[in-house]
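Undergrad: Sharing a structure below in structure tokens format, with a few things to ask.
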Amino acid sequence: MTVGDTDLREEVRQRYANSALAVSDGCCGASSCMTREEYSAVELSSLPQGASAASLGCGNPTAVAELGEGETVLDLGSGGGIDVILSARRVGATGFAYGLGMTDEMLELARRNAAEADLDNIELLKGLIEEVPLDDRSVDVVISNCVVNLSVDKPSVFAEMFRVLRSGGRTSPTSSPTTLSPQTRGRSVVIGSAA
């Protein structure tokens with residue numbers, strides 16, 4: 001990883017950590033709450049407030065993922081927990097949802113939100129989306145919400161997605177340019193949703 005890559009990752013890490021702290025302090029700044037219009041009123045009303053307030057995504061991957069009862073889902077860059085909580089509900093008691101985050105602050109917020117949602121089929125993991133801490137062929141669906149475009153090594157992210165997918169598994173990422181610095185935006189890519 002180059003110095004520029006390290007700087008970019010640190011910028012992303014700091015932005016997400018600050019967002020988690022702002023939500024924890026009861027604030028939802030202009031850079032937060034960006035995806036609320038992507039979720040139905042029913043979905044939003046079923047979530048802990050901290051989960052939707054911390055959402056920095058650009059879409060709703062659970063709306064196109066066609067999650068089924070009993071499936072195992074991995075949410076790359078799970079933020080405050082909005083998509084991992086919705087996923088856990090959709091896969092039901094016989095399914096499981098993993099959320100992967102790189103900041104302690106966001107993971108702490110997501111754990112509080114998962115506990116408030118009273119779901120026991122969620123596990124939140126610390127790690128990088130380029131190095132997923134799960135076994136090969138361990139999940140049915142990989143989702144992400146505007147996170148892949150923030151990676152400094154997108155080929156590794158996609159390699160990891162396909163490494164952890166079971167045979168017949170699928171991905172449902174949503175991505176678009178971010179509100180980070182012009183240098184960061186210049187290094188991002190737009191990836192369309194795929195179900």
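The values are calculated or read from the model by the stated rules, or taken from the named source; none is laboratory data. Because the structure is predicted, anything quoted here is derived from the model rather than measured. Cβ coordinates were reconstructed from backbone atoms using ideal geometry, including for glycine residues, and neighbour counts include every protein chain displayed.
Undergrad: So, of the residues in segment 114-139 that are outside any loop (DSSP other than H, G, I, E, B) and closer than 21 Å to Glu71 by Cβ, which turns out to be modelled with the lowest pLDDT?
TA: Filtering first and then ranking leaves Ala114.
Undergrad: What pairs can you find where one residue is in segment 104-116 and surrounded by fewer than 17 Cβ atoms within 10 Å (Cβ to Cβ), the other is charged (D, E, K, R), and their Cβ atoms are less than 9 Å apart, with a gap of 6+ or different chains?
TA: Asp104/Lys126
Undergrad: Just to be sure I understand, how many residues within segment 138-168 are over 14 Å from Leu74 (Cβ atoms) and surrounded by 17 or more Cβ atoms within 10 Å (Cβ to Cβ)?
TA: Count: 6.
Undergrad: Filter segment 86-103 for residues that are modelled with pLDDT under 95 and under 11 Å from the mean Cα position of the chain (by Cα); which is surrounded by the most Cβ atoms within 10 Å (Cβ to Cβ)?
TA: The residue in question is Gly101.
Undergrad: Restrict the check to segment 125-137 and report whether at least one residue is surrounded by 23 or more Cβ atoms within 10 Å (Cβ to Cβ), more than 30 Å from Gly4 (Cβ to Cβ) and in contact with a strand residue (DSSP E or B) (Cβ under 6 Å, 6 or more places away or on another chain).
TA: no
Undergrad: Among the residues of segment 68-82, which ones are surrounded by 24 or more Cβ atoms within 10 Å (Cβ to Cβ) and assigned to a loop (DSSP other than H, G, I, E, B)?
TA: Gly77, Ser78, Gly79, Gly80, Gly81
Undergrad: Another question about this same structure. Any idea how many residues of segment 62-72 are at pLDDT 95 or above and not small (Gly, Ala, Ser)? Steps first, please.
TA: First, the residues of segment 62-72 that are at pLDDT 95 or above: 67-72.
Adding the requirement that they be not small (Gly, Ala, Ser) leaves 67, 69, 71-72.
Selection size over segment 62-72: 4.
Undergrad: To continue, here is another question. Can you pull out every residue in segment 140-195 that is modelled with pLDDT of 50 or more, under 19 Å from Ala63 (Cα atoms) and part of a loop (DSSP other than H, G, I, E, B)?
TA: Across segment 140-195, the qualifying residues are Cys146, Val147, Ser175, Ser176.
Undergrad: In the list Ala97, Ala110, Ala88, which residue meets the criterion of being of a type in the set (A, V, I, L, M, F, W, C) and farther than 26 Å from Gly168 by Cβ?
TA: None of the others qualify; the one that does is Ala110.
Undergrad: Next question, about the same structure. Given the criteria among the acidic types (Asp, Glu), within 12 Å of the chain's Cα centre (by Cα) and modelled with pLDDT of 95 or more, does Asp75 qualify?
TA: Yes, satisfied.
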